[in-house]
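What follows is a single structure, written as C-alpha cells, with notes after it.
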Amino acid sequence: MTFVTIVTGGSRGIGAATARRLAAGGHDVAVAYHREHTAAQAVVADIHRLGRRAIAVAADTTNPDQVQHLFDTAADLGSLTGLVNNAGITSPIGPFTDLRFDDLRRVVDVNLIGYVLCAQQAARRMTDGGAIVNVSSAAATLGAPNEYIHYAAVKAATDALTIGLAKELAPRGIRVNAIAPGIIRTDIHALSGEPDRPDRAAGRIPVGRAGEPDEVAGAIAFLLGPDSSYTTGAVLRIAGGL
Ligand code: NAP
C-alpha cells in the first residue's frame, strides 16, 4: 500500500520530525507550512534523500481556500491516506486576566478552525479509508493555569473533535486519533515568550526532562500505520509522566 500523508506545520518542530519519520517508514509526504519556506524545503530535501516523494505547500490553515489548495496540490502525490493536523500556536504566557483578544482569536483560529478545515478536506477525499492524527496537548487536561488557559481549552476541543470524528468516520474505514504531548523542545516556547521553558520545566516533569520532537513523531507514525488498525478515538499522552 502507498501512504500519502499531509503534515501541517511540517516545516519545524514536531511536524518536521514527523514528516521525516513518516518518510523513513514509507510515506510520501506533503509538507505544509505557513511562512518558513526554506525550512519546509529542507524537510522536503531530507525526504527525497530517504527515497520518498515530497512537496512543500504554503497554506495558512485558518483560510478555507488555502486549505483546499493544500489538499488539491497534495493530490499530485496520489490518493490521500493520512493527515497529521499539527500546525499550532500558543500566545504569550501570562495570567488569564491579561489575555489579549487578538491572541485568543488567533489561538482558536489556528488550533481549532484550522484542524476542522483540514479534517473536513481529508474526510471528503479519503474515499478508500485512511487515518487522521490530531496533535493535541497535555494542557487539555492540565488546564495551563497562569500560562495559557485558552490554549488548553482549545486543545480539549481537539480531543472532542477526535472522539466525534472517530465515531462518525469509522464506518468509512477512517481512523482518527490524537496525541497529547507535554513539554517538547521546539520553537513554540519562544513564541510564548519563554524560549527556555523546556529546561525550566524539567524539574516538574516526572521523567526529569522535556521531550524531543522525535519522541513524538514515532507515536504519530504508529497511529497512522497498520499496527494501530484497531485504535480509533484514542488520545495518546506523550508527556514524560505529566
Ligand atoms: P513550532 O515548532 O512552533 O511549529 C509550528 C508549525 O506550525 C510551523 O511549521 C508553522 O509554520 C506552522 N503554523 C503556525 N501557524 C500556522 C498557520 N496559521 N497555518 C499553517 N501553519 C502554521 O510548534 P510545535 O511545538 O512543533 O507544535 C506543533 C503542535 O504540537 C502544535 O499543535 C502545538 O500546539 C502542539 N504541542 C506542542 C507542544 C510543545 O511543547 N512543543 C506541547 C504540546 C502540544 P511556519 O514554520 O511556516 O511558521
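Out of Arg49, Arg105, Arg35, which single residue is within 8 Å of the ligand (Cβ to nearest atom) and without any contact (Cβ under 8 Å) to a residue 24 or more places away in the chain?
Only one candidate passes the filter, namely Arg35.
Screening Gln41 with (1) more than 20 Å from Ala131 (Cβ to Cβ); (2) part of a loop (DSSP other than H, G, I, E, B); (3) touching a strand residue (DSSP E or B) at 6+ places or on another chain (Cβ under 6 Å) gives one miss only, at (2). For segment 166-173, the condition holds for no residue, the condition being that it is under 24 Å from Asp60 (Cα atoms) and either within 15 Å of the chain's Cα centre (by Cα) or of a type outside the set (Val, Ile, Thr) (or both). Looking across segment 186-222, the residues that are away from the ligand (no atom under 14 Å from the Cβ) and either basic (Lys, Arg) or closer than 30 Å to Met1 by Cβ (or both) come down to Gly218, Ala221, Phe222.
Let me confirm something: among Ile93, Ile113, which residue is open to solvent by 40 Å² or more (accessible area, probe 1.4 Å) and part of a loop (DSSP other than H, G, I, E, B)? Outline the logic, then answer.
On the way: Ile113 fails: part of a loop (DSSP other than H, G, I, E, B).
Ile93 is the lone residue from the list that is open to solvent by 40 Å² or more (accessible area, probe 1.4 Å) and part of a loop (DSSP other than H, G, I, E, B).
Kindly indicate whether any position in segment 163-177 is more than 12 Å from the ligand (Cβ to nearest atom) and more than 30 Å from Val4 (Cβ to Cβ).
There is no residue in segment 163-177 that is more than 12 Å from the ligand (Cβ to nearest atom) and more than 30 Å from Val4 (Cβ to Cβ).
Report yes if some residue within segment 144-159 is farther than 20 Å from Pro92 by Cα and more than 16 Å from the chain's Cα centre (by Cα); otherwise report no. There is no residue in segment 144-159 that is farther than 20 Å from Pro92 by Cα and more than 16 Å from the chain's Cα centre (by Cα). Filtering segment 215-242 to residues that are touching a Pro at 6+ places or on another chain (Cβ under 9 Å) and assigned to a loop (DSSP other than H, G, I, E, B) leaves Ala239, Gly240, Gly241, Leu242. Evaluating Ala75 against the criteria (1) in contact with a Lys or Arg (Cβ under 8 Å, 6 or more places away or on another chain); (2) within 24 Å of Ala201 (Cβ to Cβ) leaves one unmet condition, (2).
Residue-level check: of (1) aliphatic (A, V, I, L, M); (2) within 9 Å of the ligand (Cβ to nearest atom); (3) under 19 Å from Gly240 (Cα atoms); (4) open to solvent by 80 Å² or more (accessible area, probe 1.4 Å), Ala180 misses just (4). Here Ala54 fulfils each of the conditions (1) within 12 Å of the ligand (Cβ to nearest atom); (2) touching a strand residue (DSSP E or B) at 6+ places or on another chain (Cβ under 6 Å); (3) of a type in the set (Gly, Ala, Ser) apart from (1).
Residues to consider are Gly218, Gly208; find the one that is modelled with pLDDT of 95 or more, closer than 18 Å to Ile14 by Cα and open to solvent by 10 Å² or more (accessible area, probe 1.4 Å). Reasoning before the result, please.
Working: Gly208 fails: closer than 18 Å to Ile14 by Cα.
Exactly one residue qualifies, and that residue is Gly218.
Scanning segment 116-167 for residues that are touching a residue at least 12 places away in the same chain (Cβ under 8 Å), among the small types (Gly, Ala, Ser) and assigned to a loop (DSSP other than H, G, I, E, B) gives Ser136, Ser137, Ala138. Restricting attention to segment 59-90, the residues being open to solvent by 40 Å² or more (accessible area, probe 1.4 Å) and either modelled with pLDDT under 95 or assigned to a helix (DSSP H, G or I) (or both) number 8.
Ala131 meets the conditions (1) away from the ligand (no atom under 13 Å from the Cβ); (2) within 19 Å of the chain's Cα centre (by Cα); (3) surrounded by fewer than 15 Cβ atoms within 10 Å (Cβ to Cβ) in every case but one. The failed one is (3).
Of the listed requirements (1) open to solvent by less than 90 Å² (accessible area, probe 1.4 Å); (2) without any contact (Cβ under 8 Å) to a residue 60 or more places away in the chain; (3) closer than 29 Å to Arg35 by Cα, Thr186 misses just one: (2).
The values are calculated or read from the model by the stated rules, or taken from the named source; none is laboratory data. These numbers were taken from a predicted model, which means no experiment stands behind them. Please note: Cβ atoms are built from the backbone with ideal geometry, for glycine as well, and neighbour counts cover all protein chains shown. Accessible surface is based on the protein model in full, side chains and every heavy atom, while ligands, DNA and RNA are left aside. Shrake-Rupley method; radii C 1.70, N 1.55, O 1.52, S 1.80 Å.
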